[in-house]
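The values are calculated or read from the model by the stated rules, or taken from the named source; none is laboratory data. Everything numeric in this text was worked out from a predicted model, so none of it was measured. Glycine also receives a Cβ, built like all others from the backbone with ideal geometry; neighbour counts cover every protein chain displayed.
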Amino acid sequence: MKSIRLFMVVSTVFVIGSCSLKPRSWWTEGVIGVIMDQEEWEVTQIPLERVYERVVRTPQIETMFTIRYVPDSDFERYTSYQYLILAATLESHGRVGQIVERVVSDPEIRQGVEEGEYYVFTQRDQWAKDQLMIILVAKDLITLREKIETNEEFLYAIFDADWNEQLEEDMFARGEQKDVEEELMAIYGWSMRIQRDYFLVQELPEEGFIWFRRMYPERWIFVRWIDGGDTTLLDPYWIVKERNRIGAEYYGGDRVRSDQFLFSRRSTFLGRKAQITSGLWENDGKVAGGPFINYTFHDSLSRRVYMIDVAVFAPARDKMPYLRRLDVLAHTFHTVFDMGR
């Protein structure tokens, strides 16, 4: 009840003074505007960049998000930005400091901030439609930095989940192959959402392998499933070996680059035990390469191991926008057993 009451109080604080006729939010894809005083920025810049500017080699250096610092003096220019972070302490002045004072005007909330119990507040559509804003607040600068450093995953997920949700809505607003999705479920017991521009390249039921592709730039997603497979296959060495086999047989010689950019970790994927592997693929014969993400997971209800793999070939372009959209496709995967959930 306390957390629910807190949300209601903070929402009420923000609504005061907001305009009912709001413009649509705007942004450069992947950019988060951060508004705070220069002093606070100098102390929190590095931890904030560590949270959001996660590096992905594609093979060039790209980041999941980009932080754009906005001085307090430029506050008005960025109130229509889609993703905003306002950060301050109980000692701060300026526009952001004034907002924080309103947020903590309730004695219970202020005490929670002083004791370190509360440090982040979210608000939607404060100054623009489809806007998501978080306010980071602590009793002093040292505590503010510590809160950012010790809550990296939570803070990252706030914007990451929202962006993926908006991407999915936008991607399928332009067309969807529902007939293909229904056919996949009827024949194989699994499906995923398929955008209109993807086409089927390989369908090998006896191999447990289906491959979809899209051009300009080239990107693809394949699903491999193994009946009776168990969690022993969630092994990074087997995953790379199997992906290389698929690359040799169906992709004309693609293989995983085994270097410092190859990462594999045990995690979960859509609530299932998974091994998540990412890195670079290469093809010497075609003089080609690019990034890939591989989700290999065990589905206990269907008694299968699934491998979902997405990859991009987009020379002379940023790869992250395409890789992220492929990742959204991968996360629409579901089995016949999920349909009743």
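Selection of segment 293-305 for residues being touching a residue at least 40 places away in the same chain (Cβ under 8 Å) and either within 20 Å of Arg219 (Cβ to Cβ) or assigned to a loop (DSSP other than H, G, I, E, B) (or both) yields Asn294, Thr296, Ser302, Arg303. Selection of helices (runs of 4 or more DSSP H) fully inside segment 119-218 by the criterion of at least 2 residues being of a type outside the set (Ser, Thr, Tyr) and assigned by TED's automatic domain parsing to the domain that holds Pro23 returns 141-150, 152-173.
Residue-wise test of (1) surrounded by fewer than 17 Cβ atoms within 10 Å (Cβ to Cβ); (2) at pLDDT below 95; (3) among the acidic types (Asp, Glu); (4) in contact with a strand residue (DSSP E or B) (Cβ under 9 Å, 6 or more places away or on another chain).
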{"position": "Leu136", "(1), (2), (3), (4)": "no, no, no, yes"}
{"position": "Glu153", "(1), (2), (3), (4)": "yes, no, yes, no"}
{"position": "Trp163", "(1), (2), (3), (4)": "no, no, no, yes"}
{"position": "Met171", "(1), (2), (3), (4)": "no, no, no, yes"}
{"position": "Ala186", "(1), (2), (3), (4)": "yes, no, no, no"}
{"position": "Trp190", "(1), (2), (3), (4)": "no, no, no, yes"}
{"position": "Gln202", "(1), (2), (3), (4)": "yes, no, no, yes"}
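Assess whether Arg68 counts as being of a type in the set (D, E, K, R), without any contact (Cβ under 8 Å) to a residue 60 or more places away in the chain and assigned by TED's automatic domain parsing to the domain that holds Arg24. The answer is yes for Arg68. The number of residues in segment 210-222 being in contact (Cβ under 8 Å) with a residue 40 or more places away in the chain and closer than 13 Å to Gly247 by Cα comes to 3. Among the conditions (1) touching a residue at least 40 places away in the same chain (Cβ under 8 Å); (2) under 21 Å from Glu181 (Cα atoms); (3) buried (at least 17 other Cβ atoms within 10 Å of the Cβ); (4) among the hydroxyl-bearing types (Ser, Thr, Tyr), the only one that Thr332 does not satisfy is (3).
Within this structure, Arg266 passes the test of being part of a strand (DSSP E or B), surrounded by fewer than 13 Cβ atoms within 10 Å (Cβ to Cβ) and modelled with pLDDT of 95 or more.
Would you call Gln275 in contact (Cβ under 8 Å) with a residue 40 or more places away in the chain and farther than 20 Å from Glu207 by Cβ?
Numbers: in contact (Cβ under 8 Å) with a residue 40 or more places away in the chain: yes; farther than 20 Å from Glu207 by Cβ: yes.
So Gln275 fits the description; yes.
Scanning segment 29-69 for residues that are under 20 Å from Asp130 (Cβ atoms) and over 16 Å from the mean Cα position of the chain (by Cα) turns up Gly33, Val34, Ile35, Arg68.
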